[in-house]
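All of the numbers you see were taken from the coordinates with simple rules; none came from a lab. The structure displayed is predicted, hence computed values, not measured ones. Cβ placement follows ideal geometry from the backbone for every residue including glycine, while neighbour counts extend to all protein chains displayed.
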Amino acid sequence: MKISWRTILLWTIPLLVVGFFLWQGTFTPASSMIGNNTASTRMTYGRFLEYVEAGRVLSVDLYEGGRTAIVQAVDPLIENQVQRLRVDLPSNSPELISKLTERGVSLDVHPIRNDGALWGFLGNLLFPILLIAALFFLFRRSSNIPGGPGQAMSFGKSRARFQMEAKTGIMFDDVAGIDEAKEELQEIVTFLKQPEKFTAVGARIPKGVLLVGPPGTGKTLLAKAIAGEAGVPFFSISGSEFVEMFVGVGASRVRDLFKKAKENAPCLIFIDEIDAVGRQRGAGIGGGNDEREQTLNQLLTEMDGFEGNTGIIIIAATNRPDVLDSALMRPGRFDRQVIVDAPDVKGRLAILEVHARNKKLAPEVVLDAIARRTPGFSGADLANLLNEAAILTARRRKEAITMLEIDDAIDRVIAGMEGTPLVDSKSKRLIAYHEVGHAIVGTLLKDHDPVQKVTLIPRGQAQGLTWFTPNEEQGLITKAQIMARIAGAMGGRAAEEEIFGYDEVTTGAGGDLQQVTEMARQMVTRFGMSDLGPLSLESQNGEVFLGAGLMTRAEYSEKVATRIDDQVRAIIEHGHQMARQIIRDNREVIDRMVDLLIEKETIDGKEFRQIVCEYTNVPEKEQLLPLL
């Protein structure tokens, strides 16, 4: 068993303290002298005087300046045997010496040794020495701990992790799905390794690269790949590590970081989540955060100030470029802004191939099909997807990952953990009509995405789910597609109204109505898809950033606001009537689908479309009602 030094000290120091006080109370020079001649029994002073008068005392040894005597006396009670007895004498008894002399008693005086003061001094000094030594040992060990008490005076130093040759274990071959961003950064690595290739034509190395993109798209992964490929000194730090509660510490750490970087140039500095320190100055109420703004000012000066930073390339990552200070974003500080966006279908396939290297997949697993089923997934989402599938495979005691585990993993990542199946009841039938209403409207509208699956198995907070998967990547969305999505989202409420009546509608359409209202409002205020004409009446970013947007006024009049509300209501009502018409015209197929869904609990999209085609005689999805 391994015992740490801290544990040894915790046990040793209390034992030393207790031992010290015991030693102080028992081990003294006088007691050690008497200890060699200690009598087995004690005698009172009065009894001692009686023995002296009776002539039974043979010898007396005086100790401690005459305060203690060891007496040899004849005891008449035990056959006149000679015993050694200890007697405590009074302080002033000069007549006692005379009596002992008159009686012819052998008298011996043992003087007090003069080394008692030395022993007392050493004993009093022992405990402070042990305490100081223990504290010194603890402070010395804590000096190696980041942020420990031994580093109390070094909080102004940079906390960047430094590696002369960064060994992250990640190369550019391990980064997939973001080829454009990878190409931009590969050029920087070539700049570091072969600068003459660019300087020959007058090009200079970029001073900074800002990686911008949603969370999980691979910004930090790209930085690790650059560190692994470049082969130059590498500093890595998070933006939040600059700022402390002490004013001036952040600026001091920035200066120290760039001082170390200049000593090791050419080198790379990676600042993750730079928005923690690079937020816009003066945007907060009351002047903002002085410490953070001082840190940002120092960072701006070091990146492109009077002295410059030749040979230092800064790579920063953020998913909030809208809050960064404009002085930080300009060329000369960050010459390039590399967009790391969510991958397309080819990128998702490449990412899946990378993460499937160490996974045991069954032969029937087709990564291309998984890539097409996961639009909008980032690299981190895809890695999590395969990991969840592997966990499910191990839980089910299978030898390889199959499509069943991957389907369940996709559902879990998107909608949450699977809940307990519903029992047959009126509530289950109502939920079944609601979900079939979504699916039937989405299937019979030409511009709607195809149904992928309909299920009554609860996931997360949803009691049932209808999945739609687009056939291709959708960069731009037409007005007809948005109207089809509004009608499809209203299909659940329309089915409840047509089947059970308006008084029996449930709260299950709450999320659908919120989604529909948002889409309709964007059609009117942002995309110009209404009778108001091609006007943009609201900014794309509706968030209030600190104090910058608190005093913004309305961008349109009250009359226009009323017309916006009327248009939103008309668009939603049109989609609602489209959905109700489809439900009324296809009641027979809906009833069959509900019975089948209650029996199987999950219907695949292909099977759903085949059954719909049997009843409608429509080989392909056709638009049933004109769009607005």
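Counted residue by residue at 0.36 nm each, then reduced by the alpha carbon distance between them, the extension gain from residue 514 to residue 358 reaches 52.0 nm.
In a shell of Cβ-Cβ distance under 12 Å around residue 509, excluding residue 509 itself, what net charge do Lys and Arg (+1) and Asp and Glu (-1) give? With Lys, Arg at +1 and Asp, Glu at -1, the net is -3.
Once both labels are positioned 7 Å from their Cα atoms along Cα-to-Cβ, the gap between residue 131 and residue 45 label points is 3.9 nm. Just name one of 500, 511, 409: the one whose Cα is farthest towards the positive end of the charge dipole of region 384-515 (beta-carbon charges, Lys/Arg +1, Asp/Glu -1). Of the listed residues, the answer is 409.
The gain in end-to-end length when the residue 532 to residue 203 segment is fully stretched comes to 113.3 nm, 0.36 nm per residue minus the alpha carbon separation.
In this calculation the C-beta distance from residue 420 to residue 290 is compared with R0 = 51 Å, giving a FRET efficiency of 0.40. Please compute the net charge surrounding residue 496, taking Lys and Arg as +1 and Asp and Glu as -1 over other residues with Cβ under 13 Å from its Cβ. Around residue 496, the surrounding residues sum to -2. Taking 7 Å steps out from each Cα toward its Cβ at residue 337 and residue 581 produces label points 4.5 nm apart. The aspartates and glutamates whose alpha-carbon is closer than 20 Å to the alpha-carbon of residue 559, local same-chain residues fewer than 8 away aside, are 531, 538.
Mind checking the full-extension length gain between residue 591 and residue 186? Use 0.36 nm per residue of separation minus the Cα-Cα distance, one decimal, nm.
Residue separation times 0.36 nm, minus the Cα-Cα distance, leaves 139.9 nm.
Simple spin-label estimate for residue 106 and residue 398 gives 10.4 nm between the two label positions (7 Å along the Cα-to-Cβ direction from each Cα).
Dipole check for region 345-415: with +1 at the C-beta of Lys and Arg, -1 at the C-beta of Asp and Glu, and the Cα centre as origin, the magnitude is about 140 Debye.
Expressed as a whole percent, how much of the Cα-Cα distance distribution for region 161-339 exceeds 29 Å? Percent of Cα pairs beyond 29 Å in region 161-339: 17.
Put simply, the convex hull of the Cα atoms in region 345-415 casts, on average, a shadow of 4.2 nm². With neighbour counts taken as other beta-carbon atoms within 10 Å, the residues 374, 469 rank, fewest first, as 469, 374.
Put a plus charge on the Cβ of each Lys and Arg, a minus charge on the Cβ of each Asp and Glu, and nothing anywhere else: the dipole of region 356-513 about its Cα centre is then about 540 debye.
Over 21 Å between Cα atoms, which of 207/259; 182/207; 182/359; 453/600 qualify? Result: 182/359 exceed 21 Å.
Cβ-to-Cβ counts within 10 Å put 61, 566 in ascending order as 566, 61, the fewest first.
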